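Notes follow once the structure below has been shown.
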Amino acid sequence: DVQTHREPVAQSEKPSPIRRPGGSGEPTVVEINMHVQSFGSINVIDMDYSLDLLLRQKWRDPRLRFRGYKHTFSLSYLKDRLWIPDLFFRNAKYGFLHVITAPNYLIWLQQDGLITFSQKLTVKLACPMQLWNFPMDTQLCPLEIGSYGFALSDLKFVWMLDKESVTLNQQLILNEFELPSVRSGSCQKAYNATGAFTCLFVEFKLVRKFGFYLIYTYLPSVLIVAISWISFWIDYKSVPARITLGLLSVLALMTQSAATVQNLPRVSYIKAIDVWLFACLAFVTASLLEFAVVNMLARRHEQRQLRDELRNLMRKEMMRLGGNLLASGSKKKQRDKTPANSRYGRNLNSNRQQLHQRIEMRRLDASEEQ
């Protein structure tokens, strides 16, 4: 029965947890594949993402071969007595094994000593992101698997060749990204102090969906700029209305920009959305500057027209006063019979003319100062 085959494994030969199979100089080969069940949050600020996955490992342990039983049976209860690869995620921030309602792992043993070790894990992985083209960017998020304690000469990880090494849940849906492709391969990590270690990688290509930012960022900013241009059809003399409209447009754009930046990391380079918001802010600010320039030129034009009108009026008034003085002077000359009286009249007329000229000059100077 099955118990007769389990007892030799549990009692006769107990492989040490720190002793790998083989030992003849060849590395122990561990075949790996994984099934991604779901993507968790993809955090742009912290530049990480989380995965729920099923991780399967297969390797042969010649010490566990048996005969007389062709079926596979479970060795999950002997996990602490078996050699298990010290696999870890190189770019993981943290992770855990699911334990509801029991620890989610299994260990199967076949007749030829082939061990299958499967686990359900949740891991949060680092994903360095380049946000130059945000929100029209494409990110390549890696997942790296390696051995922590065994060098490449002792342990080697390979992807399973009989089927796809990395599979995805067919009902997998991402809210903010699309997942058009997944690429897997092998790598090698070498360190001066400890040597070379085996490594496998998976690369998820994430393309950001543009719809959310189109609705909540781009279209509102276009409407704000269009509203600021309404001031071009408002009379330039309506100063409060035009200034209020321009300032409200600037404040609305600054508020929208702050809300967008709040959900992004503080990077030192300019992103595509920054260029768009700066351009919108420049258009709105230009509408305010246009009003200021038009208002200044209009006031100068009005002042120039007022000075010209005053000059024309003063010329007409001076000509009228000069004609009256000449007429009165000729009449007085006829009445005056003595030379003294005629000289007195001429002096009086000249004094009056000088007085009117001084008054005119003062009025012109006052109007020019205004």
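Numbers for the structure displayed
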item	result
Residue match in segment 110-117 (condition: closer than 20 Å to V30 by Cβ and of a type in the set (A, V, I, L, M))	yes
Failed item in (1) surrounded by 12 or more Cβ atoms within 10 Å (Cβ to Cβ); (2) closer than 30 Å to L297 by Cα, with Y218 passing the rest	(2)
Any chance E178 is outside the structural domain of A252 (by TED's automatic domain parsing), closer than 30 Å to A279 by Cα and under 32 Å from the mean Cα position of the chain (by Cα)	yes
Segment 174-195, subset among the hydrophobic types (A, V, I, L, M, F, W, C) and surrounded by 10 or more Cβ atoms within 10 Å (Cβ to Cβ), residue nearest to A151 (Cα to Cα)	A190
Residue count, segment 135-147 (criterion: surrounded by fewer than 20 Cβ atoms within 10 Å (Cβ to Cβ) and more than 15 Å from F201 (Cα to Cα))	3
Cβ-Cβ under 7 Å pairs, at least 6 apart or on other chains, segment 233-262 side under 18 Å from V293 (Cα atoms) and aromatic (F, W, Y), far side modelled with pLDDT under 90 and surrounded by 13 or more Cβ atoms within 10 Å (Cβ to Cβ)	Y236/F291; Y236/V294; Y236/N295
Residue in segment 97-108 that is under 16 Å from H35 (Cα atoms), loosely packed, with under 14 Cβ neighbours inside 10 Å and out of contact with any helix residue (DSSP H, G or I) (no Cβ under 8 Å at 6 or more places or on another chain) present	yes
Flag for V284 being assigned by TED's automatic domain parsing to the domain that holds A226, at pLDDT 90 or above, touching a Gly at 6+ places or on another chain (Cβ under 8 Å) and within 30 Å of Y218 (Cβ to Cβ)	yes
Subset of segment 125-176 (residues that are touching a Phe, Trp or Tyr at 6+ places or on another chain (Cβ under 8 Å) and acidic (D, E))	E144, E176
Which listed residue is at pLDDT below 90 and surrounded by fewer than 16 Cβ atoms within 10 Å (Cβ to Cβ), from R67, R6, R20	R67
Yes/no for G149 being over 38 Å from the mean Cα position of the chain (by Cα), not charged (D, E, K, R) and not assigned by TED's automatic domain parsing to the domain that holds Y218	yes
From the options F157, F204, residue that is over 30 Å from V44 (Cβ atoms), in contact (Cβ under 8 Å) with a residue 24 or more places away in the chain, assigned by TED's automatic domain parsing to the domain that holds L53 and surrounded by 17 or more Cβ atoms within 10 Å (Cβ to Cβ)	F157
From the options L289, L247, L325, L253, residue that is out of contact with any Asp or Glu (no Cβ under 7 Å at 6 or more places or on another chain), over 25 Å from T138 (Cβ atoms) and modelled with pLDDT under 85	L325
Residues being assigned to a strand (DSSP E or B) and under 15 Å from L143 (Cβ atoms) - total across segment 39-55	11
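Quick grid of which residues meet (1) surrounded by 13 or more Cβ atoms within 10 Å (Cβ to Cβ); (2) among the aromatic types (F, W, Y); (3) touching a helix residue (DSSP H, G or I) at 6+ places or on another chain (Cβ under 7 Å):
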residue: S231; (1), (2), (3): yes, no, yes
residue: A241; (1), (2), (3): yes, no, no
residue: L247; (1), (2), (3): yes, no, no
residue: L253; (1), (2), (3): yes, no, yes
residue: Q262; (1), (2), (3): no, no, no
residue: Y269; (1), (2), (3): no, yes, no
residue: D274; (1), (2), (3): yes, no, no
residue: A279; (1), (2), (3): no, no, no
residue: L289; (1), (2), (3): no, no, no
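The values are calculated or read from the model by the stated rules, or taken from the named source; none is laboratory data. All values derive from a computational prediction rather than experimental measurement. Methodologically, a virtual Cβ is constructed for each residue, glycine included, from the backbone with ideal geometry; neighbour enumeration extends over all protein chains shown.
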